[in-house]
1. Looking at the stretch 84-115 only, could you name the residues that are at negative phi and more than 16 Å from the ligand (Cβ to nearest atom)?
2. Based on what the data block shows, is residue 96 surrounded by 13 or more Cβ atoms within 10 Å (Cβ to Cβ) and either in contact (Cβ under 8 Å) with a residue 40 or more places away in the chain or under 20 Å from the mean Cα position of the chain (by Cα) (or both)?
3. Would you check which residues across the stretch 139-168 are at pLDDT 65 or above, surrounded by 19 or more Cβ atoms within 10 Å (Cβ to Cβ) and either assigned by TED's automatic domain parsing to the domain that holds residue 3 or assigned to a loop (DSSP other than H, G, I, E, B) (or both) and list them?
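The values are calculated or read from the model by the stated rules, or taken from the named source; none is laboratory data. Worth saying up front: this structure is predicted, and the values here are computed from it rather than measured. As a convention, Cβ positions derive from the backbone with ideal geometry for all residues, glycine included, and neighbour counts pool all protein chains shown.
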Ligand SMILES: [Zn+2]
């Protein structure tokens with residue numbers, strides 16, 4: 001469910017995010033709500049807020065000009081939010097879906113975050129061979145996707161180096 005539109009501080013559309021992430025960005029004072037879904041509210045332990053339909057970042061972010069984000073291990077962990085693709089636990093390693101020994105490449109679509117135990121268990125096998133289905137399919141993040149993932153995780157200091165923003 002990616003149904004909240006994210007605008008840059010300059011009001012240009014950047015990307016879409018889930019409303020959960022939108023609420024987090026607003027609660028962290030990284031974005032303001034521009035429009036809400038009527039009659040829908042988010043209820044969690046400490047908040048009861050309308051579901052944002054459009055949010056706008058408080059700080060202007062320069063989106064890298066390139067369309068493709070170069071692959072990196074760190075980028076894969078950020079993209080997958082450090083969640084293991086096989087068990088959903090904490091993913092600290094990068095697994096090749098098709099193992100390198102079978103010709104699998106270092107690409108966004110062939111790598112996922114993985115916990116150390118599952119990485120060891122899967123070894124040099126495909127998910128089918130190992131009987132370990134992927135909980136979700138890997139995807140190639142756009143620079144906007146990666147930037148927003150990082151914003152939700154504690155600020156622009158945590159941006160992957162390949163998306164580092166020039167000092168304002
Ligand atoms: Zn795991």
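1. Of all residues in the stretch 84-115, those at negative phi come to 84-87, 89-102, 104-115.
98, 99, 100, 101, 102, 104, 105, 106, 107, 108, 109, 110, listed by residue number.
2. Spelling it out, residue 96 is indeed surrounded by 13 or more Cβ atoms within 10 Å (Cβ to Cβ) and either in contact (Cβ under 8 Å) with a residue 40 or more places away in the chain or under 20 Å from the mean Cα position of the chain (by Cα) (or both).
3. 141
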